[in-house]
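Where a number appears in this text, it was derived from the coordinates with a stated rule and is not lab data. What you are looking at is a predicted structure, and each value in this text was computed from that prediction instead of being measured. For neighbour counting, all protein chains shown are included, and Cβ atoms are generated from backbone atoms with ideal geometry for every residue, glycine included.
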Amino acid sequence: MLTFAKDIGTRDHKHALEDKLPELKQYMEYQRKLFPYTVVRAGLDLAYKELDDILDFIENGYRPPEDSSRREYPTDVNQWYKSRFPWSSAFLKMEEVHFALVVLIKAMDSFGTHEQVNAYHWAVLYDSAHNIIQVYNDLIRNDPGNSRDIHLSNAVEVNFDDFINNYWPDLDFMTFSQADYPHAHHQERKHLLEEEIKDIMSEGIEPLVALEKLQPPFKLDSYTLKLLRRDPVETRFLELKGAPDTGNEFDSIYKENVEDPQHGKMSVIDAEYIKNSEHMKAETPAS
């Protein structure tokens, strides 16, 4: 199983304060209607099918293969790739994303291990989740009967911005790039990280060198540095190493407490859900 910021296999979390805070309860009821594992898995499946079709199209001399079920093919493959996989295509070639998808799908089917993904994977997962959520939400609005074929939720639209806020650990791969969504949960780190880099650069240090001089808590891991520097991609960068499932991978968010300025001491996961509920409320237009 891939390791996200929260357990994508758990969808029944009950917040300690939801019975006291009606809006939080409504938010948590929405969370319990989502199927996070399916969002990720269906997104990977769709991305793999799309890229597989296009790579077959290219291999066949830019002609539709006879056995293809795809109805339409892009007239400009490169433009299609950039628009369909905007973050992945910024760092990876089409064949490299295809390889990463194979690796990620295999890991999703491994329930006895936990695999830590890196910046390359987060970009691919981001695009994949975005595309499948767009497809699903369109079906929910316009063809709800067929939405059951994908079944990302219990008949509600999936809020992509909130999904990323809850399940991505950070958006370091977007450093010095403009996100398409608010992602308020991650913006504070992103802003402070970029300010720290600017401070280092103000001493006359080149941008790529400044990335390597960051200190904790902003120090970037080796894969994020490779990605941001646009280093040549090696296959090993896209592989995963699994560790046995111990059952305590998420103890730090369930069992460790933090102090909430308004509500006092609570688990890390409850504190995160409160913040993300506020972000979602702020980004949702009033009806």
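What the table below lists for this structure:
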item	result
Label-point separation, Asp109 to Thr10 (7 Å along Cα→Cβ), nm	2.7 nm
Dipole of the range 28-67 [Lys/Arg +1, Asp/Glu -1 at C-beta], most positive-end residue of Phe35, Tyr48, Tyr62	Phe35
Residue order, fewest to most beta carbons within 10 Å, for Met94, Met174	Met94, Met174
Ranked list, fewest to most other Cβ atoms within 10 Å of each Cβ, for Val40, Val135	Val135, Val40
Charge dipole of the range 177-287 about the Cα centre (unit charges at C-beta), most positive-ward option of Ile205, Ser277, Asn257	Ile205
Among Leu55, Leu34, Leu152: highest mean-square fluctuation, GNM of the chain, C-alpha pairs under 10 Å	Leu55
Extension reserve of the Glu203-Asp53 stretch, reckoned as 0.36 nm per residue once the Cα distance is removed	49.1 nm
Set Lys49/Lys82; Lys213/Lys275; Lys219/Lys265; Lys190/Lys213 screened for pairs whose C-alpha atoms are more than 19 Å apart	Lys213/Lys275; Lys219/Lys265
Top of Lys265, Lys275, Lys106 by mean-square fluctuation, Gaussian network on the chain, Cα under 10 Å	Lys265
Ordering of 41-49, 187-195, 62-70, 82-90 by burial proxy (mean other Cβ atoms within 10 Å per residue, highest first)	41-49, 82-90, 187-195, 62-70
Solvent-free Debye scattering, log10 I(q)/I(0), computed from the Cα coordinates of the range 192-246 at q = 0.14, 0.20 Å⁻¹	-0.49, -0.77
Student exercise, the chain dipole from Lys, Arg, Asp, Glu Cβ charges, in Debye to nearest 20	220 debye
Peptide ranges 4-14, 123-133 listed from the most packed, as the mean C-beta count within 10 angstrom indicates	123-133, 4-14
Convex hull per residue volume in Å³, alpha carbons only, for the range 150-256	182 Å³
Approximate spin-label separation Glu157-Val102, in nm, with each point projected 7 Å along Cα-to-Cβ	3.7 nm
Charge dipole (debye, nearest 20) of the range 135-287; +1 at Cβ of Lys and Arg, -1 at Cβ of Asp and Glu	160 debye
For the chain, Kirkwood radius (reciprocal of mean inverse C-alpha pair distance, Å)	20.7 Å
Fluctuation leader among Asp199, Asp109, Asp76 - the chain, Gaussian network, Cα springs under 10 angstrom	Asp76
Lys255 paired with Lys275, simple spin-label distance in nm, labels 7 Å along Cα-to-beta-carbon	2.2 nm
